[in-house]
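Engineer: Just passing along the structure, written as structure tokens.
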Ligand code: F6R
């Protein structure tokens, strides 16, 4: 998740861009940059200034730049393609340096476009997908001599998601803007026209904004803003008045980051899958292992901590079911002290949102010394986990701010599912046709999550009210449900401080059932699966002892109401993908309980977002 800001008007652009970028910085800050127009004898030129690291570094650099420029674009980057570095920082420029762009999103067909453009003599300076946009616009501009028309032509060639702003030294004072699947807002203020990827960047200057829709374009000038559709036909989009304060604006109108991030999960599923199926084949280009090496794998360890460990529990089910390779999941803090059996045909999959968890890193180093191939799954490009692994899949969750992981978990499960599909395909256990079908269904989980978010809020709040005064709660399930129960229990205890434990439902009678007295909350994942009936029998045992039963069930399962006090539904989904959909109500349940108990859901006590000590 990167941040865009642009301004054209009568005031010093560099000050407006820096203050906007600082407001966007909470989303990610591995590099930042601006392109500022500069009038000089003989015409206008563009100054492009970039720095690796936080916006403060860019600000110091700009201190020495004169404040005459009144038009420019800026960007703060959270790396997705290409490591965090000066060359990969935005803005990116055309070969002649007269067009500069900033971009949020992912260009799926950038590799083909880059080859094609290089074939026509374009020189690329970065490893990013974004740079193709600068060269496409450059080519189109040579024909049209109209920045907005050139941007429209470039967008027609690009497959993927974009929020983009472009400036051109030959059209001083103009910013051309487009959007598809990546937010862009545009507004007029007293001193000019503003564009940003988030209202927070420009809220001091304008509160009446146009939220650009997919396929809409805009030309900003100091005095005016024109909007067109993809054919160049003028349109008049609706203006929205924003009355949020700064705190609400940072959270996108949500009361807390945790809720905002839970609501981002459909996008995380989509983004993590972008570019992963090319010409009908699974495509994990950062794999770092050849198909021959993968085929030799005869044992998999998933090593991780906390929520990432729970993503590993889901992966174990999939890797063993589909690829038929034995898979163990271990807390990274235990793995390295246990002398596990590792051979050159062992694959160690290290899962870490932050990519810098000390226990996970130590386990990676140990596994490599012992001869294992190590594959990383992380959310942070260029992080130590990525650098120290043989190959990596990046989850596309973007920066997660709430301490409790939500959207990162979904990104991890989706990425691990891709890995399981790949192993199954390489081992010949699933056909290409089966892999394609499963990939499609995996993509459908985005809509299924959205359905849960749109329809289950009231049921989740009722269920939360039933837990709020409890001293303890049990989360139960079987199969995938048991794995999901672990994540539900962790979420509840870490943000609401209510003791919670997860148990395989069939194990209840071997001990934990002694805990149950009237009103004790038992939260079950009992979706339609091969073990549904068994789970229901276990729940009946709890019901008989007076437990208050909350069930995450499959839509249409009315029978479950006979034993459940509260039912939260998810859409019907293949058991293999149920973790993605069924975890969402448990995240929301934990948040509701925490709020009812007066807890800070974004910053729970005693915890840190990144755990860099062993
Ligand atoms: C729980 C949570 C933690 C992390 C754990 C590992 O909500 O966020 O349990 O999952 O500290 O962190 P990463 O994934 O960064 O290695």
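The values are calculated or read from the model by the stated rules, or taken from the named source; none is laboratory data. Predicted, not measured: the structure shown is a model, and the values here were computed from it. For neighbour counting, all protein chains shown are included, and Cβ atoms are generated from backbone atoms with ideal geometry for every residue, glycine included.
Engineer: Quick one: what pairs do we get from segment 368-385, first residue assigned by TED's automatic domain parsing to the domain that holds residue 340, second at pLDDT 95 or above and surrounded by fewer than 24 Cβ atoms within 10 Å (Cβ to Cβ), C-beta under 6 Å, 6+ apart or different chains?
Structural biologist: Partner pairs satisfying both residue conditions: 372/346.
Engineer: For segment 490-522, how many residues are part of a helix (DSSP H, G or I), within 16 Å of the ligand (Cβ to nearest atom) and under 18 Å from residue 316 (Cβ atoms)?
Structural biologist: Count: 1.
Engineer: Are any residues in segment 39-67 in contact with a strand residue (DSSP E or B) (Cβ under 8 Å, 6 or more places away or on another chain) and modelled with pLDDT under 90, and if so, which ones?
Structural biologist: 53, 54, 65
Engineer: With the checklist (1) within 16 Å of the ligand (Cβ to nearest atom); (2) in contact (Cβ under 8 Å) with a residue 12 or more places away in the chain; (3) in a loop (DSSP other than H, G, I, E, B) in hand, flag the one item residue 564 doesn't pass.
Structural biologist: Going through (1) within 16 Å of the ligand (Cβ to nearest atom); (2) in contact (Cβ under 8 Å) with a residue 12 or more places away in the chain; (3) in a loop (DSSP other than H, G, I, E, B) one by one, residue 564 breaks only (1).
Engineer: Does any residue of segment 231-240 turn out to be surrounded by 17 or more Cβ atoms within 10 Å (Cβ to Cβ) and either farther than 22 Å from residue 73 by Cα or in contact with a helix residue (DSSP H, G or I) (Cβ under 6 Å, 6 or more places away or on another chain) (or both)?
Structural biologist: no
Engineer: Kindly provide the set of residues from segment 337-355 that are without any contact (Cβ under 8 Å) to a residue 40 or more places away in the chain and crowded, with 21+ Cβ neighbours inside 10 Å, ordered by number.
Structural biologist: 355
Engineer: Out of the strands (runs of 3 or more DSSP E) lying entirely within segment 298-408, which hold 1 or more residues that are on the phi < 0 side of the Ramachandran plot, in contact with a helix residue (DSSP H, G or I) (Cβ under 7 Å, 6 or more places away or on another chain) and within 12 Å of the ligand (Cβ to nearest atom)?
Structural biologist: Fully inside segment 298-408 and qualifying: 299-304, 327-331, 346-352, 373-378.
Engineer: Something else about it: Can you find a residue in segment 448-456 that is in contact with a helix residue (DSSP H, G or I) (Cβ under 8 Å, 6 or more places away or on another chain), touching a residue at least 40 places away in the same chain (Cβ under 8 Å), in a helix (DSSP H, G or I) and surrounded by fewer than 22 Cβ atoms within 10 Å (Cβ to Cβ)?
Structural biologist: Taking every residue of segment 448-456 in turn, at least one turns out to be in contact with a helix residue (DSSP H, G or I) (Cβ under 8 Å, 6 or more places away or on another chain), touching a residue at least 40 places away in the same chain (Cβ under 8 Å), in a helix (DSSP H, G or I) and surrounded by fewer than 22 Cβ atoms within 10 Å (Cβ to Cβ).
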